[in-house]
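The structure appears right after this line, and notes come after that.
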Amino acid sequence: MSLDEAVSIADLLSCIMMNTQVVNASVDLQWEVVKNNSAFLKKRRGFPTKFSSEKFNLTGKNYYGSSGLVQPKGVDIRADFENKAIVVTTKRGKAIANTPAKVPVTISIKKDSRTTLKSVKALVKRHNPRMANVAAQRTSHLLRAIRPKPTRYGKSTVKTEA
């Protein structure tokens, strides 16, 4: 491996880590560079699969199909606990690959649970159809986390003197 090849691989890796789309490298080449060398890679003891905490990865697993770093179209769903809303971020395709600041498009959805779930599923189905059910499941979990916990009235603890 020459010095020029090493520099180009380092440049490729830095572009992938910054969530920018690399125009001259194929998705397969990007995946081969990132799959074992990623800052987002998490290994758990007792699990054969590797996990990933990268943005635009709905499943959290380190697989080619769900990787948000290398796929040109990605969807990310997060919870905004302050506003009690679901934030859906989509990644535009290769059209504006040279301007990384314009790649993510963020939409905040603050409706009731059913409407939010339907909106997210429809949005993801238009953007990435095979991730629609995974997005609906993640949205359901986040909506459950956002919902305020009911207060529990238990037995009162009164000190009795014996």
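The values are calculated or read from the model by the stated rules, or taken from the named source; none is laboratory data. Keep in mind that what you see is a predicted model, and the values were worked out from it rather than measured. Every residue, glycine as well, gets a Cβ built from its backbone with ideal geometry; the counts of neighbours run over all protein chains shown. Accessible surface areas use protein heavy atoms only, side chains included; no ligands, DNA or RNA. Shrake-Rupley method; radii C 1.70, N 1.55, O 1.52, S 1.80 Å.
Key figures
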{"quantity": "Those residues of the stretch 101-116 which are among the polar types (S, T, N, Q), touching a strand residue (DSSP E or B) at 6+ places or on another chain (Cβ under 8 Å) and surrounded by 13 or more Cβ atoms within 10 Å (Cβ to Cβ), in sequence order", "calculated": "Thr116"}
{"quantity": "Ser119 vs. criteria without any contact (Cβ under 8 Å) to a residue 12 or more places away in the chain, touching a strand residue (DSSP E or B) at 6+ places or on another chain (Cβ under 8 Å) and surrounded by 14 or more Cβ atoms within 10 Å (Cβ to Cβ)", "calculated": "yes"}
{"quantity": "Pairs, first more than 13 Å from Gly68 (Cβ to Cβ) and polar (S, T, N, Q) in the stretch 28-50, second modelled with pLDDT of 85 or more and outside any loop (DSSP other than H, G, I, E, B), C-beta under 7 Å, six or more apart", "calculated": "Thr49/Lys61"}
{"quantity": "Residues of the stretch 72-81 satisfying the condition of being in contact with a Gly (Cβ under 8 Å, 6 or more places away or on another chain) and farther than 16 Å from Leu123 by Cα", "calculated": "Pro72"}
{"quantity": "So Leu58, is it at pLDDT 85 or above, open to solvent by 50 Å² or more (accessible area, probe 1.4 Å) and outside the structural domain of Asn133 (by the TED database)", "calculated": "no"}
{"quantity": "Restricting the stretch 122-153 to residues that are among the basic types (Lys, Arg) and either within 24 Å of Gln71 (Cα to Cα) or surrounded by 15 or more Cβ atoms within 10 Å (Cβ to Cβ) (or both), the residue that is nearest to the chain's Cα centre (by Cα)", "calculated": "Arg138"}
{"quantity": "Subset of the stretch 127-156 (residues that are part of a helix (DSSP H, G or I) and either modelled with pLDDT under 90 or farther than 14 Å from Val75 by Cα (or both))", "calculated": "His127, Pro129, Arg130, Met131, Ser140, His141, Leu142, Leu143, Arg144, Ala145, Ile146"}
{"quantity": "Residues located in the stretch 61-76, provided they are at pLDDT 85 or above, open to solvent by 40 Å² or more (accessible area, probe 1.4 Å) and in contact with a strand residue (DSSP E or B) (Cβ under 7 Å, 6 or more places away or on another chain)", "calculated": "Lys61"}
{"quantity": "The listed residue being of a type in the set (Gly, Ala, Ser) and touching a residue at least 40 places away in the same chain (Cβ under 8 Å), out of Gly68, Gly60", "calculated": "Gly68"}
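Okay, residues lined up against (1) at pLDDT below 85; (2) closer than 25 Å to His127 by Cβ:
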site: Glu5; (1), (2): yes, no
site: Ser26; (1), (2): yes, yes
site: Glu32; (1), (2): no, no
site: Asn37; (1), (2): yes, no
site: Ser52; (1), (2): no, yes
